[in-house]
Ligand SMILES: *Cc1c(COP(=O)(O)O)cnc(C)c1O
């Protein structure tokens, strides 16, 4: 059978089912098999081989079948030319930074980012490699414009941002970055490509933690960078082969399988999170609720202009209560699990206490400690009933 390419002539759900999958040439199986081999057969004369070459079936750190199938699928879903898949979201982020940045460069990044981005850029790259960094509230594009320097190589944003759900204007910031000769990378993990596709909005890179919504079942870690082939060739050659942060073929296969239902799961995440956010917002003892789908959210208008059809499954909220009462509330939950991570099928909550060293970067209401709540795909009324009974037991309802 001729190889099929799944471009934009097909809808998102069709691509989620078919992209990256083909009838297996050897067995005729209609699902591609898992290939757990570390090594692939060499040609008759291997002396001309490039042992650092990427993307070929040579050695699994250089490239392997299951990794390649997942890359084809994610490029298709994200509207990108090419994709590199690595062993975790952080491997994708560090792979991007290592490939792109050199001593003397300047990076602008969001005041709200995944903790490892803050550590990588502000500590490792800055202290060890003399890469200049500026942290700005990228919710304000003018603050990004003001922080650009002649040596700015990269602007990195996360929208919605982890953990405050801050929203940044991808189109506006892409224009500012490009006018300054810099590239824009967007961590799209909270939205997933179902709700937001940064490359279509002008970004150069879309980064995904596959660990979250794209796999969606909480049982495999992975990360991806999607963008132009010329940039990704650099990440493949430098970060995949030589830093070695590859994904296992088995995890690539699990994530390929999990992502088939991404559109179905995201519809339920979007709906449940909006319902829960509206419910929380009305409660007198809930100090604040942050969800980009709420009209009250600072970034709602921008989110509505770049996210569709929904706003994802993560929200943040705080109780009108002291530190220990937040923990007592969690101890009374029966359905919702207290654990880190997000984008799993099940609802997960984490209390981020007042000691987070980055609180000074967050808006005032986050300073008293708050919850990051990843609303799962259970029945919405069961999630609300669980919160309700826990609030009652804590004396907040
Ligand atoms: C979880 C997460 C990451 C890191 O992904 P891992 O797969 O855990 O390495 C990066 N960015 C965001 C926004 C995340 O939520």
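Quick notes on this one:
- With the cut-off at under 15 Å, measuring from each backbone N in the range 24-40 to a point 7 Å along the Cα-to-Cβ line of residue 61 picks out 38-40.
- Cα principal axis extents for the range 204-318, largest first, Å: 54, 28, 24
- Tilt relative to the chain, helix 89-100 - C-alpha long axis, 0 to 90 degrees, to 10: 60
- Relative contact order [Cα under 8 Å, 6+ residues apart], the chain, whole percent: 16
- Extension gain, residue 140 back to residue 389 (0.36 nm per residue minus Cα-Cα distance, nm): 85.7 nm
- Length-normalised contact order for the range 204-269 - Cα pairs under 8 Å, 6+ apart - percent: 39
- Put simply, when 130-137, 166-173 are sorted by average Cβ atoms within 10 angstrom per residue, most first, you get 166-173, 130-137.
- Between 0 and 90 degrees, the angle of helix 380-393 with respect to the longest Cα principal axis of the chain falls at about 40 degrees.
- Dividing the alpha-carbon radius of gyration of the range 27-124 by the rule-of-thumb value 2.2 N^0.38 Å gives 1.40.
- Here the range 262-394 is described by how far its Cα atoms reach on the three principal axes: 38, 33, 27 Å, from widest to narrowest.
- For the chain, the longest principal axis of the Cα atoms and the long axis of helix 65-78 meet at an angle of about 50 degrees.
- Using alpha carbons only: equivalent-ellipsoid semi-axes of the chain, gyration tensor based, whole Å: 36, 26, 18
- Mean residue ellipticity (222 nm) of the chain, computed from DSSP H runs ≥ 4 via -39,500 (n - 2.57), nearest 500: -9000 deg cm²/dmol
- Cα-based equivalent ellipsoid of the range 209-250: semi-axis lengths in Å, sorted from largest, via gyration tensor: 22, 13, 6
- Comparing 11, 95, 293 in a Gaussian network model of the chain where C-alpha atoms under 10 Å apart are linked, the largest mean-square fluctuation is found at 11.
Computed from the coordinates by the stated procedures, all read-outs in this text should not be read as laboratory data. Since the model is a prediction, treat every value here as computed from it, not as a measurement. Virtual Cβ from ideal backbone geometry, glycine too; neighbours counted across all protein chains shown.
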